[in-house]
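Just below is one structure, and these are the notes that go with it.
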Amino acid sequence: MTAVTDRRAAPVTWRRSALRWLPTFVGFPLGGLLSELVAGPVDGLAPALAGGAITGAVLGAVQAWSLRPTGLPVRAWTAATALGLTAGLAIGAAAVGYDTGTADLVVQGAICGTLVGAAQAVVLRPPLGRLAFPWPPALGALWALGWAITASIGVDVETQYTVFGSSGAVVVTALSAVLPALLAARRSAA
């Protein structure tokens, strides 16, 4: 005779959601590595489009895994992240002439983050309402910071990666953990 156990899911708390978000920083270097292998350096429009799509899909899928308990639609989040980074990297890298100086990468990061945030805000609007509107500028500022951190620690940014490295990713992920915490709080209040 087998014992039956109660496998009810633990309640989605803001703390648990924020902690589940933290490991998603690996989506940045994983997406960047896959993009580098498939699309090469971001030195023109075609690699920027392909690299943005690949990196965005990987990052979006990893983040969607984290956000799943909050009820956010996984496919929509992944697609929004991929579309946002595809457009953001194409526009951002072109805006700085595909240069890799720290100031250039900060501008590119601000553009990428803002467009990723805008695409994600469409998915965030139903559960968050007006609270989704600050997400694009906040993410733009965080992605600019991510590039500034990566460039300042001596990473070979002249390789023209699609996204900042692990050092920037850890900081961006930690500071953006407010999002899953907010989603969990809204879900609990509903």
Of the residues in region 37-62, those that are within 16 Å of residue 119 (Cα to Cα), among the small types (Gly, Ala, Ser) and more than 10 Å from the chain's Cα centre (by Cα) number 2
Expected output for region 116-131 (first residue without any contact (Cβ under 8 Å) to a residue 40 or more places away in the chain and outside any helix (DSSP H, G or I), partner of a type in the set (Asp, Glu) and surrounded by fewer than 18 Cβ atoms within 10 Å (Cβ to Cβ), Cβ below 8 Å, 6+ apart or cross-chain) is none
The condition of being open to solvent by less than 30 Å² (accessible area, probe 1.4 Å), at pLDDT 95 or above and farther than 27 Å from residue 12 by Cα holds, among 117, 140, 60, 165, only for 140
Residues of region 95-114 being open to solvent by less than 50 Å² (accessible area, probe 1.4 Å) and at negative phi, in sequence order, are 96, 100, 101, 104, 105, 106, 108, 109, 110, 111, 112, 113
Going through region 143-162 in order, the residues found to be among the β-branched types (Val, Ile, Thr), within 14 Å of residue 109 (Cα to Cα) and open to solvent by 20 Å² or more (accessible area, probe 1.4 Å) are 149
Picked from region 120-130 (must be touching a helix residue (DSSP H, G or I) at 6+ places or on another chain (Cβ under 7 Å) and open to solvent by 30 Å² or more (accessible area, probe 1.4 Å)), the residue nearest to residue 164 (Cα to Cα) is 122
Of 45, 33, 85, 89, the only residue that is surrounded by fewer than 18 Cβ atoms within 10 Å (Cβ to Cβ) and either within 17 Å of residue 169 (Cβ to Cβ) or without any contact (Cβ under 8 Å) to a residue 24 or more places away in the chain (or both) is 33
message: Condition first: aliphatic (A, V, I, L, M), touching a Ser or Thr at 6+ places or on another chain (Cβ under 9 Å) and either outside any helix (DSSP H, G or I) or at pLDDT 95 or above (or both). Can you find one or more residues in region 96-105 that meet it?
response: yes
Residue 81 passes all but one of the listed conditions (1) within 11 Å of residue 120 (Cβ to Cβ); (2) touching a Lys or Arg at 6+ places or on another chain (Cβ under 9 Å); (3) not small (Gly, Ala, Ser); the exception is number (2)
**Prompt:** Does residue 18 meet the test of being out of contact with any Leu (no Cβ under 6 Å at 6 or more places or on another chain), open to solvent by less than 50 Å² (accessible area, probe 1.4 Å), among the hydrophobic types (A, V, I, L, M, F, W, C) and more than 18 Å from residue 167 (Cα to Cα)?
**Reply:** yes
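The values are calculated or read from the model by the stated rules, or taken from the named source; none is laboratory data. Model, not experiment: these values are computed from the prediction. Because the Cβ atoms are built from the backbone with ideal geometry, glycine has one as well, and the counts that use them run over all protein chains shown. Accessible surface is based on the protein model in full, side chains and every heavy atom, while ligands, DNA and RNA are left aside. Shrake-Rupley method; radii C 1.70, N 1.55, O 1.52, S 1.80 Å.
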